[in-house]
1. Need one number: nm distance between label points at LYS143 and VAL63, each 7 Å from Cα along Cα→Cβ, rounded to one decimal.
2. Mind ordering 59-67, 96-104 by average Cβ neighbours within 10 Å, highest first?
3. Need the list of lysines near LYS69 for cross-linking: C-alpha distance under 19 angstrom, and skip anything on the same chain fewer than eight residues off.
4. Once you have the Cα-Cα distance between ASP120 and GLU25, take 0.36 nm times their residue separation minus that, and quote the gain in nm to one decimal.
5. So, R0 is 22 Å and r is the distance between the beta-carbons of SER113 and MET51; what FRET efficiency does that work out to, to 0.05?
6. Taking the stretch 1-57, which trypsin sites (Lys or Arg not before Pro) meet the DSSP loop condition and have no more than 13 other C-beta atoms within 10 Å?
7. Find how much the distance from GLU40 to GLU129 grows on full extension, using 0.36 nm per residue of separation minus their present alpha carbon separation; answer in nm with one decimal.
8. From the Cα gyration tensor of the stretch 27-68, with a ≥ b ≥ c the square roots of its eigenvalues, which class applies: rounded if a/c is under 1.5, or else prolate if a/b is larger than b/c, or else oblate?
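Just so you know, all these numbers are worked out from the coordinates, no wet-lab data involved. Computed from a prediction, not measured in an experiment: that's the story for all the values here. All Cβ positions, even for glycine, are placed from backbone atoms using ideal geometry, and neighbour counts span all protein chains on display.
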Amino acid sequence: MDYALPEFLAHAVALEQEAADRYLELADMMEAHRNDAVSEVFRSMTRFSQMHRDEIKARVGAVQLPQLKSWEFRWRSPPETGGEEGFDYLIEPYNALKYARENELRAMQYYRSVAEASTDSEVKRLAGEFAHEESEHVAALDKWIGMTPRPSATWQDDPDTLPPVV
């Protein structure tokens with residue numbers, strides 16, 4: 001993906017904002033279902049996404065970013081925002097961390113692909129930097145996953161999601 005610098009930065013800010021919004025939504029959902037451990041995981045991820053968004057905005061400086069409409073972004077959904085498929089209110093912290101890791105991994109891959117395809121040296125440099133930052137997020141999540149007990153039964157075994165017995 002070859003971007004002009006302002007367009008790339010607009011995408012990067014949007015990516016982090018969407019991730020923060022999604023993690024906050026998931027944190028609120030987990031809290032509503034009294035899954036407080038997972039709610040805190042997602043609140044932490046919200047803060048990380050907000051910090052990364054703010055760091056990107058600080059780097060923008062005087063660059064005027066385009067105000068892109070949803071259909072003008074070069075993705076079907078932001079890379080750092082996972083879908084709801086397979087997500088359940090009874091999710092365990094271990095699986096929530098794995099979910100967050102997949103989101104961070106997609107963001108890292110997105111930035112790497114931008115860095116590889118860009119003809120603009122500043123976009124190439126920033127995308128490489130952002131990819132590195134996302135790889136640090138993946139590594140941090142790997143550590144958290146390693147310290148988090150695996151669930152004894154998967155949350156997919158929730159009887160609420162099983163077909164009715166006839």
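1. Going from the LYS143 label point to the VAL63 one covers 2.9 nm.
2. So the order, starting with the most tightly packed, is 96-104, 59-67.
3. Within the straight-line cut-off, LYS69 pairs with LYS57.
4. On the way: separation 95, 0.36 × 95 = 34.20 nm, distance 3.54 nm.
In short, 30.7 nm is gained.
5. Values: r = 23 Å, r/R0 = 1.06.
Computed FRET efficiency for SER113 and MET51: 0.40.
6. The qualifying sites are ARG34.
7. Taking 0.36 nm per residue and subtracting the Cα distance, the gain is 29.3 nm.
8. It comes out prolate by the Cα gyration axes.
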